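Below: the structure, in structure tokens.
The values are calculated or read from the model by the stated rules, or taken from the named source; none is laboratory data. Bear in mind that the values here come from a model prediction, so they are computed numbers and not experimental data. For neighbour counting, all protein chains shown are included, and Cβ atoms are generated from backbone atoms with ideal geometry for every residue, glycine included. Keep in mind that these areas ignore ligands, DNA and RNA; they rest on the heavy atoms of the full protein, side chains included. Shrake-Rupley method; radii C 1.70, N 1.55, O 1.52, S 1.80 Å.
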Amino acid sequence: MRMTFMLPALLAAAGYSAAPFALAAEPQTLTLTQALQRTLQHDATLQAFPYQLRMAEAAQLQAAVRPNPELAVALENVGGSGDSRGLSGAELSLSLSQQIELGQKRERRLELAQGQSQLQRDNYELARLEALANTTEHYLQLLRLQQLQQWAAANISREQALLNTAQLRSNAGTLLDADISRIKLRLVRSRITLADINQAIESRRYRLAAGWNAAPDFARVSGDLAALPQLPPLSILQSQLQHSTTLQRYVTLQRIAQSQLRLTAANSKADIRWSAGLKRNEATNDTSLLLGFSLPLNLTDPNKGQRRAQLAEQQLMAMQQQLSATQLSLLLQQQWLALEQLRGTVQAIDTLLLPEAIQLRQLSLSGYQQGQIDLLSVLSAEEELAQAGRDLIESQSNYHLNLLQLERLTGQPITLNSSEPVITAEKNND
């Protein structure tokens, strides 16, 4: 089975419906489509496969080669004594022979070479899927870090505003210096967190660009983690899994094992050789016709042990295919359930936890400004809001990363029910 990774249909690694290549995109902003295109064009592993496919095609040509005829020349009764002295008694034989393959050996060789060529194509599709999936994973991680960068900057902004309010109260003599230090300590930690995130963004940029063997020429990536694709029913995913390249590769391996077994059986059959020629006798000045035929007598099977080994290998392939199909089916079900749970988690944080945290901070800040609530309560509310914001980002990111694993299993993209793509070239998080 050959998969077609056309770049909207693609996220066979990430399953997102990507927008067309955007030439008008900001010079410093990279889209997912651009990242995937670069990977397809420049990934080091993918660059080797055209040569391997050529080698497989050459093996098919070699398998189709027939045995060549042979020309034999023999000179007998030369340099003897008496009547055979010199060339007077010489006998010259000239014959042409041809080996005839029996047991459909050529057809079996071709069948095996074609199976091995298909295996190379399956390996290429799997390698391409993996390369695109790795690029998408780094892209999603970078997008996650960018949103965490905004989250950290928002925390710093709120804490700075709180510090300004606290300093006004301190100047009025209604706040202890220890409370001011407590806010400053929180602000320093937030700035350290932002610095760590900035460093992680820089590292992730290089890891993403390594997928196409280049230094990063972009500052940001575009996208929105908040858009969560709807999952198809589990039964549809199970059906897609049965046609995935991973399982189709096992089918190819089984066919190769069967072809090897048939070729070995064909090689066990002896080939015949016929010959025809002329014989010249100088002593009698006579010329005669030569005809020959030979057939090896295979009294025992010369490949008996090899055939048994290949039969065992064929049975092993069938068992591995069944085990792999079962394991992948269970893993797919696990990923599907995890995604359903993550969707519920994201919804709960977005509609319940985050609004409550925002309201708690507003009430706490209002009470603090009126002198009804102490600073520790305000800091606790700030921490709840910050944690809720981070939990939302992490849950959204985990959803997309788990979706990526699901698509690695099925090899099929999963898109939104609406026309709005999950990650677009036009939408970014600036």
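Would you work out which of ASN134, SER117, GLN98 lies farthest towards the positive end of the dipole of the range 86-147, given +1 charges on the beta-carbon of Lys and Arg and -1 on that of Asp and Glu, about the Cα centre?
ASN134
Charges on Cβ only, +1 for Lys and Arg, -1 for Asp and Glu, centred on the Cα centroid of the chain; of ALA227, LEU353, LEU297, which one is farthest towards the dipole's positive end?
LEU297
With springs only between Cα atoms under 10 Å apart, run a GNM on the chain and tell me which of GLN114, GLN28, GLN412 wobbles the most.
Of GLN114, GLN28, GLN412, the most mobile in the Gaussian network model is GLN28.
Would you list which aspartates and glutamates come within 13 Å of LYS105, measuring only between C-alpha atoms, while excluding same-chain residues fewer than 8 positions from it?
The qualifying aspartates and glutamates are ASP271.
By how many degrees, 0 to 90 and rounded to 10, does the Cα axis of helix 354-369 deviate from the longest principal axis of the chain?
The angle comes out at about 30 degrees.
Which distance in nm do the two modelled labels at ARG308 and LEU331 give, with both placed 7 Å along the Cα-to-Cβ direction?
So the two model labels end up 3.5 nm from each other.
Along the Cα→Cβ direction, 7 angstrom out, place labels at LEU290 and ALA219. What is the inter-label distance in nm?
8.7
Expressed in nm to one decimal, what extension gain is obtained for the pair ALA178 and GLN52 from 0.36 nm per residue of sequence separation less their Cα-Cα distance?
Length gained between ALA178 and GLN52: 38.4 nm.
Where does the charge balance sit around ARG189 when Lys and Arg score +1, Asp and Glu -1, over other residues with C-beta under 14 Å from its C-beta?
Taking every other residue near ARG189 into account, the sum is +2.
Accessible area of the range 273-313 with a 1.4 Å probe: how many percent of it is carbon plus sulfur? Write out the running numbers ahead of the final one.
On the way: 1870 of 3240 Å².
Of the solvent-accessible surface of the range 273-313, carbon and sulfur hold 58 percent.
Could you work out [θ]222 nm for the chain from helices alone, using -39500 (n - 2.57) per DSSP H run of at least four and dividing by all its residues? Round to the nearest 500 deg cm²/dmol. Walk me through the numbers on the way to the answer.
On the way: 9 runs with 260 residues, N = 430.
It lands at -22000 deg cm²/dmol.
If you fit an axis through the alpha-carbon atoms of helix 105-171 and take the longest principal axis of the Cα set of the chain, what angle between them do you get, 0 to 90°, nearest 10?
10
Rounded to the nearest percent, how much of the accessible area of the range 217-261 (1.4 Å probe, protein heavy atoms only) is carbon and sulfur? Write down the numbers at each step before the final one.
Details: 880 of 1740 Å².
The value for the range 217-261 is 51 percent carbon and sulfur by accessible area.
Between helix 245-267 and the chain, what is the angle of the helix's C-alpha long axis to the longest principal axis, kept within 0 to 90° and rounded to the nearest 10?
The angle comes out at about 10 degrees.
Rounded to whole Å and sorted largest first, list the principal axis extents of the Cα atoms in the chain.
For the chain, the Cα spread along each principal axis is 141, 43, 39 Å.
What is the list of residues in the range 278-310 whose amide nitrogen lies under 20 Å from a point 7 angstrom out from the Cα of SER93, following Cα to Cβ?
278-297
Under 11 Å from a label point 7 Å along Cα→Cβ of GLN321: give me every residue in the range 256-278 with its amide N that close.
256-258
So, with +1 on the Cβ of K and R and -1 on the Cβ of D and E, and no other charges, what is the size of the charge dipole of the chain about its Cα centre, to the nearest 20 debye?
Details: 38 positive and 39 negative charges, 161 e Å.
Dipole magnitude for the chain comes out near 780 debye.
Ranked from the most accessible area to the least, with a 1.4 Å probe and all protein chains present, what is the order of LEU119, LEU323, LEU225? Could you put the intermediate results ahead of the total?
Details: LEU119 30, LEU323 95, LEU225 0 Å².
The residues order as LEU323, LEU119, LEU225, largest area first.
On average, how much accessible surface per residue is there in the chain, in Å², for a 1.4 Å probe, leaving out ligands, DNA and RNA?
Heavy-atom accessible area per residue stands at 53 Å².
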